[in-house]
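The values are calculated or read from the model by the stated rules, or taken from the named source; none is laboratory data. For clarity, every value in this text was computed on a predicted model and none was experimentally measured. All Cβ positions, glycine included, derive from the backbone under ideal geometry; neighbour counts span all protein chains shown. Only protein heavy atoms, including side chains, enter the accessible area calculation; ligands, DNA and RNA are left aside. Shrake-Rupley method; radii C 1.70, N 1.55, O 1.52, S 1.80 Å.
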Amino acid sequence: MAKNINISDLSFDGIKNNIKKYMENDKVFKDYNFEGSALSSILDILSYNTYYNSYYMNMIANESFLDTARIRENVVSKAKLLGYTPRSNKSASALVAVTFKIIRKNRQERDYQYNTLRIDRQLAFSTSIDNESFVFVPKVSRSITRSRSAAEPDGSRAHYYTINDLELFQGQQVEEKFVVDINNPNQKFTLSNEAVDTNTIRVLVQASADDDIVTEFQLATDTTQLSDISKTYFLQESKDMKYEIFFGDGVLGDEVENGNIITVRYITTKGANGNGITGRLTAIALPKGVIVDTENVQIIGESYGGADREDIESIKFFAPRTFESQNRAVTARDYKAIVPQIYPEVDTMNVWGGEDNDPPAYGSVYMSIKPNTGLILSTKEKQYILNQLKSNYSVLTLSPQIVDPDYLKLKITTNVKYNDEATLLDESALKESVRQNIISYNNKFLNEFNNYFRYSQFLATIDKTDDSVTNNITEILMINEKTPVYNGIASYTYNFNNAIRPKSLYSNAFTIAGSSAPHYIEDDGLGGLRIYTLTPLFARKYNNVLGGTINYGTGKVVLNDIQITGIIGSTVLGLVAEPESNDIFPVRNQIIFIDYDELDIVMMPDTDEFNENYDISSQRVVVTRSLRTTYNTSQASITNIISDTTT
């Protein structure tokens, strides 16, 4: 009888067949019919049992490692070994200007008693967006100095307190109390709300109900700095995505004693849903005797910075990288791990050293961040990130800087040839399929830092749209845009960061001081920029004073001092240029993406009419079409000579 059994096949049928082959080698079961006997049912049970056990053991093995675990509780447990606590919901912030009013009716009270007004989270504002209510409370307690006072008609006196930078958090304050019971070994201090913003937690410890002394414990962030009397607490995610607070053991941090009363205050928030809120706020809770004197409490700008709790994939990505950085921002990898923890709304970011900047700035580290909503960070968001980095993470010798992303748009014109007899789709449906494939390519391969455009890959994407597509002829142009300083004299620098083909650069139309005529920019093919207008006969009339330079090798374009008064049909001054190579690469803070408004798809059916216009000797076909885009500002019939590489 064979002593070995094949265990490489763990499918049900494979397990059953391997057991049968094992038993067939036993003389006892020689010539035994395994399929037509009760033994077949026993083999089924054995096979199922083996199959279930193999699946179960495989799942156990997967859940034992951070990379392969799929259950959140297991992922959090592995991250805990790296000293990583998953991010909770994060409250959105908003800034308001508001005036408060207190009326003094008791004439025996003195004015000096009203010199300041203290504002804390007893104050609450509210607004409603799409039938969803959002509450805002002060971020920190503030003392406001009285700005003025005035007599009221009834003889009382009104005191006014104005604050122009009251920072609010989106959310509501919650308070929970726990009583320490050392006789309960299973006691845990678990917060009851999943929507807690852990950055707002305050832990207060009172010896007993009879003791008036309350001590605030701080979150422990560095265990090397702890002693047996450190008033600190620890935080971890527990079951059901709730957070648990625990205390030191008398060696690493002070321990709580039996009967101590623990008060935990925190904000529950709606996370990312609280972003982008603008408009008027209504006061729904005020300290006793306080009135909001401001008729309309308006959010300055919009709320920002809110984020939802960290998902499993994010925990897997950031836990080992945060452990690697040890909460110290030194290398580029450190910043890429730390900044998303400070500002969770990061969609994509890039970091480079000052030595790689243009111009070099030694001792600095540069970051460019694209947020989840919008194209650039607001000034407040940048300042918040920099303040957090400088105070908690950056080393003294490095100065972090944030620069806005520089978006390089691609203007694409593609002529798609297809066999109309090889598809059930009509031309419009096939054209839409091509467009959706291009959008998918943009979302998958572009629109992030360090993602480059591969021309051959893009052509293949179009060709794979449908079996009926035979080939495509595609032209790529680059667009770089700047918002001008209206009515002010300024110079403008455009960094394409890719070599430009001479005599290919042009712009959209704009007006300048002293003239209402549309002006345009072109390059002269020799490294200079020329600005011109069009005569009634469409001849170009060049301006001999204004101009600039272009470096065809680096793609750097400088428009000399000019006073722009308006942009025709747009709000930005854009330059369009043809790259020397159709493979386009981003540099530093540059992001490449396809501009759908400048996407022109022309379907070319493989018909007799098409073939009659096809010259096999020159491999050229004449196509006449009309189009209107931002950078083709007039409606016109455009005749293009298009090279076709197929025969």
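Which residue pairs have Cβ atoms under 8 Å apart, sit 6 or more places apart or on different chains, and have a first residue in the stretch 371-394 that is of a type outside the set (G, A, S) and a second that is open to solvent by 80 Å² or more (accessible area, probe 1.4 Å) and modelled with pLDDT of 85 or more? If the second residue must be open to solvent by 80 Å² or more (accessible area, probe 1.4 Å) and modelled with pLDDT of 85 or more, no pairs are left.
There is no residue in the stretch 265-279 that is closer than 19 Å to Q187 by Cα, in a strand (DSSP E or B) and touching a residue at least 12 places away in the same chain (Cβ under 8 Å).
Look through the stretch 418-460, keep the residues that are over 28 Å from N497 (Cβ atoms) and among the aliphatic types (A, V, I, L, M), and return whichever of them is most open to solvent (accessible area, probe 1.4 Å).
L424
In the stretch 486-505, the residues that are under 20 Å from Y452 (Cβ atoms) form Cβ pairs under 7 Å with partners that are surrounded by fewer than 13 Cβ atoms within 10 Å (Cβ to Cβ), at six or more places apart or across chains, as follows: A499/G553; A499/S581. On the basis of being part of a loop (DSSP other than H, G, I, E, B) and modelled with pLDDT of 90 or more, does S88 make the cut? It is true that S88 is part of a loop (DSSP other than H, G, I, E, B) and modelled with pLDDT of 90 or more.
I need the full set of residues from the stretch 113-129 which are touching a strand residue (DSSP E or B) at 6+ places or on another chain (Cβ under 6 Å), open to solvent by less than 70 Å² (accessible area, probe 1.4 Å) and part of a strand (DSSP E or B), in order please. Correct list: L117, I119, A124, F125, S126, T127.
For L252, the conditions (1) touching a residue at least 40 places away in the same chain (Cβ under 8 Å); (2) touching a helix residue (DSSP H, G or I) at 6+ places or on another chain (Cβ under 7 Å) all hold with the exception of (1). Annotation: N392 fulfils all but one of (1) open to solvent by less than 60 Å² (accessible area, probe 1.4 Å); (2) under 27 Å from the mean Cα position of the chain (by Cα); the unmet one is (1). If you filter the stretch 133-148 down to residues that are basic (K, R) and open to solvent by 70 Å² or more (accessible area, probe 1.4 Å), you find that the one that is farthest from D165 (Cα to Cα) is R148.
Residues that are over 29 Å from Y304 (Cα atoms) and assigned to a strand (DSSP E or B) within the stretch 130-156 comprise R148, S149, A150, A151, listed in sequence order. Here V196 qualifies as closer than 30 Å to R328 by Cβ and touching a Lys or Arg at 6+ places or on another chain (Cβ under 9 Å).
Each residue in the stretch 555-591 was checked for being more than 19 Å from S507 (Cα to Cα) and in contact with a strand residue (DSSP E or B) (Cβ under 9 Å, 6 or more places away or on another chain), and 10 pass. Only one of the numbered conditions (1) more than 28 Å from L81 (Cα to Cα); (2) assigned to a strand (DSSP E or B); (3) open to solvent by 60 Å² or more (accessible area, probe 1.4 Å) is not met by D212, and that is (2). Scanning the stretch 60-83 for residues that are more than 19 Å from Q326 (Cα to Cα), without any contact (Cβ under 8 Å) to a residue 60 or more places away in the chain and exposed (fewer than 13 other Cβ atoms within 10 Å of the Cβ) returns I60, A61, S64, F65, I71.
Please pick out the residue among E313, E324 that is at pLDDT 90 or above and either in contact with a helix residue (DSSP H, G or I) (Cβ under 9 Å, 6 or more places away or on another chain) or open to solvent by 10 Å² or more (accessible area, probe 1.4 Å) (or both).
E313 is the lone residue from the list that is at pLDDT 90 or above and either in contact with a helix residue (DSSP H, G or I) (Cβ under 9 Å, 6 or more places away or on another chain) or open to solvent by 10 Å² or more (accessible area, probe 1.4 Å) (or both).
Residues that are outside any strand (DSSP E or B) and touching a Pro at 6+ places or on another chain (Cβ under 8 Å) within the stretch 527-553 comprise just one, Y552. Within the option set E310, E244, E257, being within 35 Å of the chain's Cα centre (by Cα), part of a loop (DSSP other than H, G, I, E, B) and in contact (Cβ under 8 Å) with a residue 40 or more places away in the chain holds for one residue only, E310.
Is there a residue being in contact (Cβ under 8 Å) with a residue 60 or more places away in the chain, touching a Ser or Thr at 6+ places or on another chain (Cβ under 6 Å) and surrounded by fewer than 16 Cβ atoms within 10 Å (Cβ to Cβ) anywhere in the stretch 510-517? So far as the stretch 510-517 goes, no, none of its residues is in contact (Cβ under 8 Å) with a residue 60 or more places away in the chain, touching a Ser or Thr at 6+ places or on another chain (Cβ under 6 Å) and surrounded by fewer than 16 Cβ atoms within 10 Å (Cβ to Cβ). Among the strands (runs of 3 or more DSSP E) confined to the stretch 441-523, the ones with at least 1 residues that are in contact with a helix residue (DSSP H, G or I) (Cβ under 8 Å, 6 or more places away or on another chain) are located at 469-482.
Listed by first and then second residue, the pairs with beta-carbon distance under 8 Å, at least 6 apart or on different chains, first residue in the stretch 228-240 and farther than 27 Å from I71 by Cα, second β-branched (V, I, T) and open to solvent by 20 Å² or more (accessible area, probe 1.4 Å), are D228/V251; K231/T215.
Would you please name the residue that is least open to solvent (accessible area, probe 1.4 Å), looking only at residues in the stretch 370-389 that are more than 18 Å from Q590 (Cβ to Cβ) and assigned to a loop (DSSP other than H, G, I, E, B)?
In this case the residue turns out to be S378.
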